[in-house]
Amino acid sequence: MTTHLQRLLEQYVETVATRRVVVSAEANSPLPGLLAELFPTQARFLLVADCNTLDVAGCQVADLLGAAGQSVERLILETDSRESKIHPDENRVDRVAQCLTDDRVVPVAVGSGTLNDIV
């Protein structure tokens, strides 16, 4: 499947932002190498998670990046009193944007859907 998907993405390299897709129960393991390959001049990575994704994968991702010598900051988005889960909104997008003060800061969403939308 990965080879087929890669061939499809290569056809649209100028229009599709996705450069790598990893489908695996151990998808976090190759992340430091993939990020180093895709962003060789990064200053640091901004890990964006919510309380759930931080527990499920965020801490592991931060540990893997740190062990690989990559600088990592965490931004944990929380629900407010009117929400049962995170929703994309202007305030959350602004919080992420405020952390991207340098062109060499790369945001990494831990999770999918809403967190990816925000990042």
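The values are calculated or read from the model by the stated rules, or taken from the named source; none is laboratory data. All values derive from a computational prediction rather than experimental measurement. FYI the Cβ positions are ideal-geometry reconstructions off the backbone, even for glycines, and counts take in every protein chain you see. Side chains included, ligands, DNA and RNA excluded: accessible areas come from the protein's heavy atoms. Shrake-Rupley method; radii C 1.70, N 1.55, O 1.52, S 1.80 Å.
Listed values, structure above:
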item	result
Residue that is farthest from E73 (Cα to Cα) [pool: residues in the range 103-113 that are of a type outside the set (K, R) and in contact (Cβ under 8 Å) with a residue 40 or more places away in the chain]	G111
Of residues in the range 89-102 being part of a helix (DSSP H, G or I) and in contact (Cβ under 8 Å) with a residue 40 or more places away in the chain, the one least open to solvent (accessible area, probe 1.4 Å)	V96
Single match in A67, A57, A43 (criterion: open to solvent by less than 70 Å² (accessible area, probe 1.4 Å), more than 14 Å from the chain's Cα centre (by Cα) and either at pLDDT 90 or above or hydrophobic (A, V, I, L, M, F, W, C) (or both))	A43
Scan of the range 103-119 for residues that are touching a strand residue (DSSP E or B) at 6+ places or on another chain (Cβ under 6 Å) and part of a loop (DSSP other than H, G, I, E, B), ordered by number	V110, V119
Candidates I86, I76 - the one that is open to solvent by 40 Å² or more (accessible area, probe 1.4 Å), in contact with a strand residue (DSSP E or B) (Cβ under 7 Å, 6 or more places away or on another chain), under 16 Å from A109 (Cβ atoms) and at pLDDT 85 or above	I76
